Every structure is written in structure tokens, then in C-alpha cells.
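Input: a single structure, listed below in C-alpha cells.
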Amino acid sequence: MAPSTRRRLERAEDALLRPSAVRSAQATRRYPLEDAGRRFDYRTAFQRDRDRILYSRAFRRLGQKGEDRGRNRLAHTLEVSQVARTLSRALRLNEDLAEAVALAHDLGSPPFGTAGEGALDAVLSGRLDGRGGHGLGDLGGFRRGWQGLRVVDRIEKRYAHPGLNLTDAVREGIVRSDPSALVPAGEAAGLGDGPGSLETQAVTLADRIVSALEEMDDALERGALDLPAVERLPLVRELRRKLGSAYPAAGAFVRRNAMHRGLTHLLVTGAILASETALGRLEQAGAARAEILAARPVALPGAAADLLRGLEAFLEARLRRRAQAEREERRARHVVLGLLAAYLADPRMLDDHVLFRFKEIAGVRYLRDLPRDAVEAELARAYRRDGRFVRILGDHVASMTEVYALAEHARLLEMGAVPIPSAEQLRREESP
């Protein structure tokens, strides 16, 4: 490859992309890129980010998160990436940026999905103070998007500096792809305001489409949903109307796959057509880039959005409110809260790398180097009173896979480190 390959790719972006798309030549990072002695520069900034994400530990762990609910988080991430790239390519957006954001959008997902996220937020927001919390007040709570930013900025360790040193456009995309994420001002350097780039909007829309269709498909496969009931949904009826005789008449497996494939095409095509129309109208009117982003033009048309909302409401009622789902959510919450309580009560239960990380951040003495009679005083002085330690505990639990979290909880329970809660305590924990 010639040394000018990156510049050639950047020139190709200028020729191909629409004016409001992000150019990789304009990308910024927090740290200068490492000089590894390479002669060739053949990747754009966002292609480099994509590769750094793919080789991270957090990305590999996605393959072991959500395994008991059908598609794991890695399979979900790859499907979101595929749809986001399709949208971006059709709309003349930066496909490399969309791919990098899509691959990283779930790096902050904790074990047990939304149940794990809710349990971590209950502790780190201070809502459980007085009921088994850390007693330090609000430490910022927990949101997948902000945690993903912490992963790529602080937790991953592959270079001399903290984190992966991703571009600010990808960092912003990780946060903005989670609409509920709020980032403290001290950690928001390089992040813009508003809904994020058009590429991030494509990832957010892809995530919504993929999540609904995956959940439907996985539930049909394991028998949690009845196929005829799904086929009566307005969205599926619209698909059958469009396909006509091409929709298979028999065979549940064939019908299920035709449904998933057809709905993906229906929704993605609708999004492309509606988004292209909206973007063209804004560009013709001479809207500034900030105005275009604020209009959130990468979206489904109104009728398709209503049909997708109908599917989401159906899934919410039929799957997430079932007794089994509620039991699984309670179990997940008890595991996460139990782990945090055990580690806070006795940090010696933690892995060495967690203690080393707190030592580096807070400048405390390494706990295992202390004489036994000095440990409790050090815990009371430097660990349990420091919000940074509690946040590190949250990072550690959030990084776990479900299998590891369950095994670790069982180990600590056997050692007596995790108290078995009473029925009254459980009710108090589960109250908002």
C-alpha cells in the first residue's frame, strides 16, 4: 500500500459524502497517535477506531453477555452494525463512523441487561443509601452510554495512556446512541451537544429496529410467542399485504424467517426513503449542519414508526411483564446488589487488578501489602469513604458476563460474604 492511501480515502469521502456527513480528515483525539514505526498509513481515523474496538476485551466479552435470552450481545452488535452501515451507505453518510459507533454502542452493557443496569444505577445514584447502599450520595448513577464511554476512555488498557484513544466523533456516538445517558461535565470533553451526528442517528435507529425484530424472532424460536398471534400484528399484516403470494403459506420455520427478513427490509427501506427526503429538504433550504442534526432527519416515516411502536408494545406486554421475566429480573438484581455489597464490605474479595486500579487512581497503599491488623483501619479511612472506589466496583461488576457474575455470587455466598436478604429487605430493595 502506498503511504498516501489514507489521504486518497479521505479525498474519496469528500467526493461521495453529503455535506452534513462527518469527514474522517476532521477527526480529533484526546492524545496524539502512537508512533509505532509504521511506514504505511492506510486507514482513515474511523477505520482505526473500528479496529481498536474489535480488539478490546470489552468487545470480546459481548459474546458471553445475554446468552440465555437468544442472541447474545455480540450477535446483536453485529446486526446493528450491518443495518447502520446499510443506512449510512444509502444516505451518503460516513459508513466507517457508523460502523465504529455501532460496534461500540453496547460496550457499557452490564450483565443481565436492563435489570443489571437498573441495579447498578440504584446503587451509584445513592437511591439505596440507608438501605444497604454505600452512604456517599449520588455518584452519577449508571447508564449504558456513559459506561461505554468509561470503557473506551478509562478502563481498557492497551497503550501508555488510559483507554483506546478513540476519536471524539466515535466517543460522542457511544453516548448519544443511548438517549438516557447523561455524562458529567468533567468527562464530556470533546463531546458535542444535541442528538449527535447523522451517523449516530443511523446507529440509534438501527439499534431500535434490530432490537425489536431480534426479540420477536428469539421469542418465536423458543416458543414464548405464538406465531399466528404475531402474524396478526398490524406491522406483519402490512408485510403480508406487500408480499402477497410470496409470503409462505406453511411451515413455521420458513414463515418465521420470511417475517424477520421481510420486516427488516420493510423498515430499513422506509427509513432510507424518509430520511433521504428529509435530508434533501433541509439541504435545499440551506439549513446549517447544526439545524440538520437538531431536526433528527434519520428516522422512520410516521406510518412505519407507528407500526414499530405497535410491535414494541406487544413485546412489552407479552414478554417483559410475564412472571418468569419478572423472576429473572429479581434474580439479576439480587446478584448485582449482592456482589456490590460484598465487595464494599470486604474489598479483599476483589481480584488483584481491581485493587491495583484503585491504588493507581487514589494513591492508596495496596491492600494486600498491609499487615492484617492495619487492613480494617485502611478500609474505613481510604476505601469506603471514597466515591472513586465505589465507581470502580461498579465498573468491575458491569464488565462481568452473566455466567461469571452468577459463579462469583455463588462463591461469595458459600463463603458467607453475601448476606441472604430477608423478604422485607427484598421488598425495600425493589421499591423505586
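Below is a table of values for the structure above.
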item: In region 67-103, the residues that are over 24 Å from LEU9 (Cα atoms) and either assigned to a loop (DSSP other than H, G, I, E, B) or basic (Lys, Arg) (or both); result: ARG69, GLY70, ARG71, ASN72, ARG73
item: Residue that is surrounded by the most Cβ atoms within 10 Å (Cβ to Cβ), among those in region 25-58 that are in a loop (DSSP other than H, G, I, E, B) and of a type in the set (Val, Ile, Thr); result: THR44
item: Given (1) part of a loop (DSSP other than H, G, I, E, B); (2) crowded, with 16+ Cβ neighbours inside 10 Å, number of the condition GLY223 does not satisfy; result: (2)
item: Among (1) in a helix (DSSP H, G or I); (2) under 19 Å from PHE314 (Cβ atoms), the one test that GLY280 misses; result: (2)
item: Residues satisfying the stated conditions in region 381-392, i.e. closer than 18 Å to ALA417 by Cα and either among the hydrophobic types (A, V, I, L, M, F, W, C) or without any contact (Cβ under 8 Å) to a residue 12 or more places away in the chain (or both); result: VAL390
item: Criterion violated by LEU54 - all others in (1) modelled with pLDDT of 95 or more; (2) under 18 Å from LEU93 (Cβ atoms) satisfied; result: (2)
item: Residue satisfying all of: in region 303-325; within 22 Å of the chain's Cα centre (by Cα) and farther than 30 Å from GLU276 by Cα; surrounded by the most Cβ atoms within 10 Å (Cβ to Cβ) among these; result: LEU319
item: Tally, over region 1-24, of residues that are under 30 Å from the mean Cα position of the chain (by Cα), over 23 Å from LEU107 (Cβ atoms) and surrounded by 14 or more Cβ atoms within 10 Å (Cβ to Cβ); result: 9
item: Matching residues, region 275-309, being touching a Leu at 6+ places or on another chain (Cβ under 8 Å) and over 17 Å from VAL210 (Cβ atoms); result: GLU276, LEU279, GLU291, ILE292, LEU293, ALA295, PRO297, PRO301
item: Some residue of region 81-90 being crowded, with 24+ Cβ neighbours inside 10 Å, more than 18 Å from the chain's Cα centre (by Cα) and at pLDDT 95 or above; result: yes
item: Boolean, LEU300 is crowded, with 18+ Cβ neighbours inside 10 Å, modelled with pLDDT of 95 or more and in a helix (DSSP H, G or I); result: no
item: Test: residue in region 411-429 that is on the phi < 0 side of the Ramachandran plot and modelled with pLDDT of 90 or more; result: yes
item: Residue check for VAL254: surrounded by 14 or more Cβ atoms within 10 Å (Cβ to Cβ) and of a type in the set (A, V, I, L, M); result: no
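The values are calculated or read from the model by the stated rules, or taken from the named source; none is laboratory data. On a predicted model such as this, the values are computed, not experimentally measured, just so you know. Cβ: placed from backbone, ideal geometry, glycine included. Neighbour counts: every protein chain shown.
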